[in-house]
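Heads up: the structure comes next, in structure tokens.
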Amino acid sequence: MSASGWVSTSLPYLTPRKQGRGDAWAEEAEARGRRGTQRIVHAGEVPAPADVAGLLGIAEGEPVVVRRRLILLDDQPNERTDTYYPTAIARGTRLAGTARIPGGAVTFLAELAYVGVLVTEDVTAGMPDEEEREALRTAADEPVLRITRVTRDRDDRPIQVDRMVMPAPRQRLRYEIRIG
């Protein structure tokens, strides 16, 4: 069990929300008697980093829209997430701005007719760089988990790439897979 006793699953963050419901993180935290918030650190167009470009199937440096967020649990940093979108999907939309999106980005994407049907997550562990250590307020010797998630639509096109970093001792990830 993690130091915080927190077990996180991905499914609520991949499913569009019903009208009037808040974001999945706030709802999950509240259900556990905690306070989950997030701070948009940056939103807008940036050149695609090499790994993101490869995952989106575009050239390195081609413009993409990014939303950089610091995810907080009871006002303490719990995760840093950068979410990248192809400009054909996100340019000029709420995804390119810093305002909150009712129901979250996945709900907004669904409103634009972009619905994820296949998600791939790669999880690695390692030591944080200085920027990650400062953002997450980790100790110098505290490892982090890095999750790279690619969401594809029914035509197998990547519509979103998430790069998440979280302090390893504060996390426990759960994957449930139903076959047949």
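Here, each number is a calculation from the coordinates, and none is a lab measurement. Keep in mind that what you see is a predicted model, and the values were worked out from it rather than measured. Every residue, glycine among them, receives a Cβ derived from its backbone with ideal geometry; neighbour counts consider all protein chains shown.
Of the GluC sites (Glu not before Pro) found in the range 78-180, those that fall in a DSSP loop while having at most 14 other beta-carbon atoms within 10 Å are GLU176.
Using the Cβ-Cβ distance between ARG34 and VAL119 with R0 set to 22 Å, the FRET efficiency works out to roughly 0.30. Summarising the amide proton neighbourhood of MET127: residues at separation of 5 or more, or on other chains, whose placed amide H is nearer than 5 Å comprise VAL144.
Taking 7 Å steps out from each Cα toward its Cβ at ASP156 and ALA139 produces label points 4.7 nm apart. Hull volume per residue, based on the alpha-carbon atoms of the range 113-180 and their convex hull, is 115 Å³. Overall, the anisotropy analysis places the range 32-180 in the rounded class: the square-rooted eigenvalues a ≥ b ≥ c of its C-alpha gyration tensor yield a/c less than 1.5. Using the average count of surrounding beta-carbon atoms within 10 Å as a protection proxy, the listed peptides 83-90, 41-48 rank, highest first, as 83-90, 41-48.
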